[in-house]
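**Student:** Handing you this structure, nothing more for now.
The values are calculated or read from the model by the stated rules, or taken from the named source; none is laboratory data. What you are looking at is a predicted structure, and each value in this text was computed from that prediction instead of being measured. Quick reminder, even Gly has a Cβ in these numbers, built from the backbone with ideal geometry, and neighbours come from all protein chains shown.
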Ligand code: PHE
């Protein structure tokens, strides 16, 4: 337990907190995963389902997390312990474990973005112009030294920011990285939608195709929503724990969810118009980002610059999320085990890096598959499709049934600010969210 003498760190300003929380939410999930999920799952039909899930269940669970964290002023495990105890801290525990797992493979893919940023200037575009972007990607991910080196560089940067603390580390960096990310996104959108033939891409991206919508699509939207909003694992509990008692929680939850959804949606406006304008087949999965897009950039005048800018965008998105994942783990070791921030940051950062090495090696076939999935995909599946939804169910049930009075007080700042959606929020947490998550979870849980 913390000794209580040292004052807990706090966000310097509301803006700083919003940028940090949005930074956590906006990540590889938005730019790397969302667009191809839309393309593969019925275009506009998926977008509608996604929006519905995010702005009912997503915002509600985020608000619940903020309330738990700010009330207790502790990490995910400590918060449940302090508010209720019993078996509830296990929910926080699951979150800390998810933090370790997600960051382990996240750091790998984020490392690729750094590598590709540099490669944009050192031959990637020329290779892509010869139609060999796929071979280049294959060669890169099968090169153990390369992938581990870039993963290590990325993890070191993540460790550095978290080591600097909440106000002068995470907040400080997010405050310029997030506006930078938006600016780059806008520049890339303008470039992409003004290409000749961009309209076909917009059609592929957004034209609703309800024939593709089945049970699995709801699971995909929900899993993606949870992952994208950084929910279900105590990330927003941890960030909420550094919030001042004066902050208004509901508007913060809506703002963060809105920013996250905007970036995901806008990323598709960068990718698909460009892909279709140059008549490239839109690939699926990581291939879309690391194979298809370099081929697209190769066809643009100034391709190197566009490519570097795009991968820099991905890197910014990734690092502001990675620091939040590490912070969940660091906050736990700090609050509960009394470790200092430097000790927790370095040791946990190193452990997570090592945990990620099998993921880093898995795409090159250096690591056996796990039941037919690459190791990286298996870790992604377990954390995103199992741990996060389970966490979401328990967090909703906790505020809806176990700690409702306390949660209501926390959300209204002790009855001093109105919250018009209280009844809706309560019933979403009590019934809608747990039932929807459980239903979708069980019906669509396919390995
Ligand atoms: N939200 C991040 C993304 O979309 C990933 C993330 C998940 C970060 C969970 C923190 C916690 O990439």
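**Student:** May I ask you to say which residue of 382, 357 is surrounded by fewer than 23 Cβ atoms within 10 Å (Cβ to Cβ), within 16 Å of the ligand (Cβ to nearest atom) and either in a helix (DSSP H, G or I) or at negative phi (or both)?
**Tutor:** 382
**Student:** What are the pairs with Cβ atoms under 6 angstrom where one residue, in region 212-239, is in contact (Cβ under 8 Å) with a residue 60 or more places away in the chain and the other, located anywhere, is buried (at least 24 other Cβ atoms within 10 Å of the Cβ) and not in a helix (DSSP H, G or I)? Sequence gap at least six, or different chains.
**Tutor:** From region 212-239, the pairs are 226/232; 238/75.
**Student:** Checking residue 252 against (1) over 16 Å from residue 56 (Cβ atoms); (2) at pLDDT below 95, which single condition isn't satisfied?
**Tutor:** Unmet condition: (2).
**Student:** Right, another one. Just to be sure before I move on: is residue 425 within 19 Å of residue 252 (Cα to Cα), crowded, with 18+ Cβ neighbours inside 10 Å, touching a residue at least 40 places away in the same chain (Cβ under 8 Å) and more than 20 Å from the chain's Cα centre (by Cα) in the structure I sent?
**Tutor:** yes
**Student:** Tell me whether region 70-82 contains one or more residues that are without any contact (Cβ under 8 Å) to a residue 60 or more places away in the chain and either touching a strand residue (DSSP E or B) at 6+ places or on another chain (Cβ under 6 Å) or in a loop (DSSP other than H, G, I, E, B) (or both).
**Tutor:** Checked against the condition, which is being without any contact (Cβ under 8 Å) to a residue 60 or more places away in the chain and either touching a strand residue (DSSP E or B) at 6+ places or on another chain (Cβ under 6 Å) or in a loop (DSSP other than H, G, I, E, B) (or both), region 70-82 yields no hits at all.
**Student:** Identify the single condition in (1) over 30 Å from residue 76 (Cβ atoms); (2) buried (at least 24 other Cβ atoms within 10 Å of the Cβ) that residue 191 does not satisfy, given that it satisfies every other one.
**Tutor:** Exception for residue 191: condition (2).
**Student:** Looking at 44, 29 in this structure, which one is surrounded by fewer than 24 Cβ atoms within 10 Å (Cβ to Cβ) and in contact (Cβ under 8 Å) with a residue 60 or more places away in the chain?
**Tutor:** 44
**Student:** Just checking, which of 166, 184, 170, 159 is within 30 Å of residue 273 (Cα to Cα) and within 21 Å of the chain's Cα centre (by Cα)?
**Tutor:** Result: 184 is the single residue among 166, 184, 170, 159 that is within 30 Å of residue 273 (Cα to Cα) and within 21 Å of the chain's Cα centre (by Cα).
**Student:** If you go through region 120-134 one residue at a time, how many are out of contact with any helix residue (DSSP H, G or I) (no Cβ under 8 Å at 6 or more places or on another chain) and within 16 Å of residue 287 (Cβ to Cβ)?
**Tutor:** 1
Let's see how each residue does on (1) part of a helix (DSSP H, G or I); (2) within 16 Å of the ligand (Cβ to nearest atom); (3) within 18 Å of residue 20 (Cβ to Cβ):
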position	(1), (2), (3)
230	no, yes, yes
236	yes, yes, yes
244	no, no, yes
256	yes, yes, yes
259	yes, yes, yes
282	no, no, no
